[in-house]
Amino acid sequence: MREFLFDTAARLRTIAGTAIVAGSIGAAPIASVSTAAAADDGVLQAARSMTPPDYAGPTIPAKAPKDIKIAVVTCLSVLHGCVSPADGIQHAGEKLGWTVKVYDGGGTPNKQNAAILDAISSGANVIATIAIDPNLIQLALSEAKKAGIPVVAGSNGIDTPNPVKAPANGGLGFAFDVSPDYGTLGVHAAQWMIADSNGKANIALFSDREFPSIMAQEAGILQGLADCKTCTVSKQIYFTATQIASQLGQMTVDYVRSHPDVDYIYGAFDPPVAAQVAALMQAGMANRVKIVGALGNQQNLNFIRAGRLQVADMAYDNEYMGWAMVDQTIRLLNKQPLIEPHGENLPFVILDKTNLPAPGADWQAKTGYQDKFLALWK
């Protein structure tokens, strides 16, 4: 396997020259990997920098309608990544005087369909889903269409800036999906691991096929790691959300024991990483591996802060996601053009021990975007 080099200067020119046009930003991978020697601190620093570097959300006004009832259906309310965008919607809705009701999707299609049907019965004007695959809620989407209620989404990775994925067999989809650029985020995380390991990482890939967003992120991870010919990368080890609390920890311990050369774990997103950290520490493996997660949950950032196995996190601003969902919803209700990309340039960053937010807080972009959104909605 060949040695590698990150073309840092070219990468910095790419980031500096990224064009922000008509409310969109082309987020490029940090660097290409070729042949040479040691890890480049410039690559690590670039991964630790927010993308986009400043506010790149909408600038076109959209007056908010009054007296809107919006129902928010989470994928599973015990998962922080399913709840925090809903919190953003609630915060934005409070500013607008909207009525926001949150439903727990329960982690299964049956419960998610039932929650949406309840929202329809309750007289919601709009239904917003968080990390729910449209293929699994066709019954509810059909009933919402009959009732004339738009259904919007966040955190799926099936709409711009991600590759647009229509539901299977001509099924019904969402009016839009607000998500970060999961592919580029995954590439950045892969390049962080390569640089951190001097191009010698032996990585176990844990992932969850239930969430289109995780699959989009996984594609970016694989794309980035493919450039490191001196790394070792496992086949994907898939788990489900219902296995996180009961089985994933032991699965991880067993895998690390049977693969003693593994020194990095990609844990897909933060709740499963928390289970992996707890199990590995209990098994006396606190110094065996370095774990990379995603979402930027406070608990996981504390793991990084305390040096408890997790070393990095692919963080994106879930509060921003909620506000951007409200912004696109306003434009939808007003019959205005939606902002492109539909993710509204949701900010993301790779966090490690060098750039963590203050204890007790999720990572958020410090761009004053809440005030910027409110000014557009007047």
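The values are calculated or read from the model by the stated rules, or taken from the named source; none is laboratory data. From a predicted model like this one, the values you see are computed outputs, not experimental measurements. Neighbour counts run over all protein chains shown; Cβ positions are idealised from the backbone, glycine included. Just the protein is used for accessible areas: all its heavy atoms, side chains included, with ligands, DNA and RNA removed. Shrake-Rupley method; radii C 1.70, N 1.55, O 1.52, S 1.80 Å.
With Arg305, Arg288 as the choices, which residue is out of contact with any Phe, Trp or Tyr (no Cβ under 6 Å at 6 or more places or on another chain), assigned to a loop (DSSP other than H, G, I, E, B) and open to solvent by 10 Å² or more (accessible area, probe 1.4 Å)?
Testing whether each residue is out of contact with any Phe, Trp or Tyr (no Cβ under 6 Å at 6 or more places or on another chain), assigned to a loop (DSSP other than H, G, I, E, B) and open to solvent by 10 Å² or more (accessible area, probe 1.4 Å) leaves just Arg288.
Considering only segment 78-101, I want to know if a residue exists there that is open to solvent by 20 Å² or more (accessible area, probe 1.4 Å), at pLDDT 95 or above, in a helix (DSSP H, G or I) and more than 19 Å from Tyr320 (Cα to Cα).
No, the conditions are met nowhere in segment 78-101.
This table checks each residue for (1) open to solvent by 30 Å² or more (accessible area, probe 1.4 Å); (2) closer than 25 Å to Ala241 by Cα.
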| residue | (1), (2) |
| --- | --- |
| Ile130 | no, yes |
| Gly154 | no, yes |
| Ala166 | yes, yes |
| Ala201 | no, no |
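Read through the list (1) over 22 Å from the mean Cα position of the chain (by Cα); (2) without any contact (Cβ under 8 Å) to a residue 60 or more places away in the chain, then give the number of the only condition that Val262 fails.
(2)
Scan segment 348-378 for residues that are in contact with a Pro (Cβ under 6 Å, 6 or more places away or on another chain) and over 22 Å from Asp270 (Cα atoms) and jot them down.
The answer is Leu376, and nothing else.
Within segment 121-170, which residues are among the β-branched types (Val, Ile, Thr) and free of Cβ contacts under 8 Å to residues at least 24 places away in the same chain?
If the condition is that a residue be among the β-branched types (Val, Ile, Thr) and free of Cβ contacts under 8 Å to residues at least 24 places away in the same chain, then Val164 is the only one that fits.
Among the residues in segment 46-62, are any modelled with pLDDT under 90, of a type outside the set (D, E, K, R) and within 23 Å of the chain's Cα centre (by Cα)?
Within segment 46-62, one or more residues are modelled with pLDDT under 90, of a type outside the set (D, E, K, R) and within 23 Å of the chain's Cα centre (by Cα).
Let's see how each residue does on (1) hydroxyl-bearing (Ser, Thr, Tyr); (2) touching a residue at least 24 places away in the same chain (Cβ under 8 Å); (3) under 27 Å from Lys95 (Cβ atoms):
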| position | (1), (2), (3) |
| --- | --- |
| Asn300 | no, yes, no |
| Ala312 | no, yes, no |
| Tyr316 | yes, yes, yes |
| Glu319 | no, yes, yes |
| Trp323 | no, yes, yes |
| Lys335 | no, no, yes |
| Pro341 | no, yes, yes |
| Asn345 | no, yes, yes |
| Lys353 | no, yes, no |
